[in-house]
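Trainee: My questions will all concern the structure given below.
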Amino acid sequence: MDNTIYEKYRQAGKIAATARDYGVRLIKPGVSFLDVANKVESKIVEKGAELAFPVNISINKGAAHFSPRHDDTLVFKNTDVVKLDVGAHIDGYIADTAITLEIGSNNFENMIIASNNALDHAIEEMKPGIKLSEIGKVVEETIKSFGYKPISNLSGHGLDKYKLHSGISVPNVSDAGYKTKPKIGDVLAIEPFATDGEGRVISGNGSNIYICKESFRSKVIRDHRSKLYFNRLFGKFRTLPFAERWCEDLVPDSADLVLKKLSFLGLIKHYPQLIEAKNGIVTQKEHTIIVNDEGCEVIT
């Protein structure tokens, strides 16, 4: 990896970690999701990075993919198990990190420890040439040792310039199908999920998170207004996810209706929330690492 790129990843990682920890300090009973998301995103920009994706805030049975709308009224409550997922980039070089906290109680402390330890053990084992199925085995065995289940259909992922998911998957279960072997210079987000539910997620309601789909369809769409709005969104966000609440200046009409229409036309994708299949509680911990000749370096 070029040293300039390496330093950009490290800077993005430092800023993402700072914003994550700042967000943890903000989360208290009665505080709004929207306030936390806006402040964490502002912290990323203030520190000199750009947003790799909207701040994700998922609670209890929600595993991932929820960000508040511009008019969201949700507030944190005592006993909520909160997953805070944060991403920053410098010139497209992304760092992705997440943490779980429980508000005002310790009912799921062991589950939080399970996902934390699974991440630590995965990082200890990560090195160039290891089969990623072996990393999944470590994650699965660690989580099961606490009496919980890993979420089998969620995985970590490779990171590339302006690509949040580069095509490499880092499994959370032992699966011989994952034969990819990381090489020196690969950048990976490792993110174990633990649950007391079924051990898989299903799609829920909309997340308020979108991504543009650069496709032939976007070039032949005849509706002038839809094409105009798509081009604005693509020009601003390119290949990275964006939030409904980020679109008010780009879409002077009702952003909600415009986004729904663009989704219907296949120009953008609306991510669903990911919900534990049997409504189990979910915990998560995530770091971004760079594979090196000694193993890997955690940058978040």
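Trainee: Name, by its number, the condition in (1) modelled with pLDDT under 95; (2) under 22 Å from Arg20 (Cα atoms); (3) acidic (Asp, Glu) that does not hold for Glu286.
Mentor: Condition (1) is where Glu286 drops out.
Trainee: Restricting to the stretch 259-287, what's the tally of residues that are in contact with a Phe, Trp or Tyr (Cβ under 8 Å, 6 or more places away or on another chain) and outside any loop (DSSP other than H, G, I, E, B)?
Mentor: Qualifying residue count for the region: 11.
Trainee: For the stretch 233-242, indicate whether the set of residues that are within 22 Å of Asn38 (Cα to Cα) and among the charged types (D, E, K, R) is non-empty.
Mentor: So far as the stretch 233-242 goes, yes, one or more of its residues are within 22 Å of Asn38 (Cα to Cα) and among the charged types (D, E, K, R).
Trainee: Let me ask something else about it. Mind checking which pairs have a first residue in the stretch 271-300 that is at positive phi and a second that is at pLDDT 95 or above and of a type outside the set (A, V, I, L, M), Cβ under 7 Å, 6 or more apart or different chains?
Mentor: Asn279/Lys61; Asn279/Gly197; Gly295/Lys127
Trainee: Here is a further query. Examine the stretch 141-149 for a residue that is touching a strand residue (DSSP E or B) at 6+ places or on another chain (Cβ under 6 Å) and in a strand (DSSP E or B), and state whether such a residue exists. Show your work before the answer.
Mentor: First pass over the stretch 141-149, keeping only residues touching a strand residue (DSSP E or B) at 6+ places or on another chain (Cβ under 6 Å): 143, 148-149.
Cutting the leftovers down to in a strand (DSSP E or B) gives us 149.
Yes, the stretch 141-149 has at least one match.
Trainee: Given the conditions (1) part of a loop (DSSP other than H, G, I, E, B); (2) hydroxyl-bearing (Ser, Thr, Tyr); (3) at pLDDT below 90, which single one is not true for Thr239?
Mentor: (3)
Trainee: Next question, about the same structure. What's the number of the condition Phe230 fails, among (1) in contact (Cβ under 8 Å) with a residue 40 or more places away in the chain; (2) outside the structural domain of Glu41 (by TED's automatic domain parsing); (3) outside any strand (DSSP E or B)?
Mentor: Single failed check for Phe230: (1).
Trainee: Among the listed residues Arg245, Arg225, which satisfies the condition of being modelled with pLDDT under 90 and assigned to a helix (DSSP H, G or I)? Can you show your working first?
Mentor: Working: Arg245 fails: modelled with pLDDT under 90.
None of the others qualify; the one that does is Arg225.
Trainee: With (1) modelled with pLDDT under 95; (2) under 19 Å from Lys285 (Cβ atoms); (3) among the polar types (S, T, N, Q) as the list, and Thr18 as the residue in question, which single condition is left unmet?
Mentor: Unmet condition: (1).
Trainee: Which of (1) of a type in the set (Asp, Glu); (2) modelled with pLDDT of 95 or more; (3) assigned to a loop (DSSP other than H, G, I, E, B) does Glu41 not meet, given it meets every other one?
Mentor: (3)
Trainee: Can you go through Gly48, Gly23 and tell me which one is modelled with pLDDT of 95 or more, over 14 Å from the mean Cα position of the chain (by Cα) and outside any helix (DSSP H, G or I)? Quick ask: steps written out before the conclusion?
Mentor: Values: Gly23 fails: outside any helix (DSSP H, G or I).
Being modelled with pLDDT of 95 or more, over 14 Å from the mean Cα position of the chain (by Cα) and outside any helix (DSSP H, G or I) holds for just one of Gly48, Gly23, which is Gly48.
Trainee: I'm trying to understand the selection: among the residues of the stretch 65-84, which are outside any loop (DSSP other than H, G, I, E, B) and buried (at least 24 other Cβ atoms within 10 Å of the Cβ)?
Mentor: Step one: list which residues in the stretch 65-84 are outside any loop (DSSP other than H, G, I, E, B), which gives 75, 81-84.
Lys83, Leu84 - these are the residues of the stretch 65-84 that are outside any loop (DSSP other than H, G, I, E, B) and buried (at least 24 other Cβ atoms within 10 Å of the Cβ).
Okay, residues lined up against (1) buried (at least 24 other Cβ atoms within 10 Å of the Cβ); (2) of a type in the set (Ser, Thr, Tyr); (3) out of contact with any helix residue (DSSP H, G or I) (no Cβ under 9 Å at 6 or more places or on another chain):
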position: Asn3; (1), (2), (3): no, no, yes
position: Tyr6; (1), (2), (3): no, yes, yes
position: Gly13; (1), (2), (3): yes, no, yes
position: Asp21; (1), (2), (3): no, no, yes
position: Val24; (1), (2), (3): no, no, yes
position: Lys28; (1), (2), (3): no, no, yes
position: Asn38; (1), (2), (3): no, no, no
position: Lys43; (1), (2), (3): no, no, no
position: Gly48; (1), (2), (3): no, no, no
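The values are calculated or read from the model by the stated rules, or taken from the named source; none is laboratory data. These figures come from a predicted structure and were not determined experimentally. Virtual Cβ from ideal backbone geometry, glycine too; neighbours counted across all protein chains shown.
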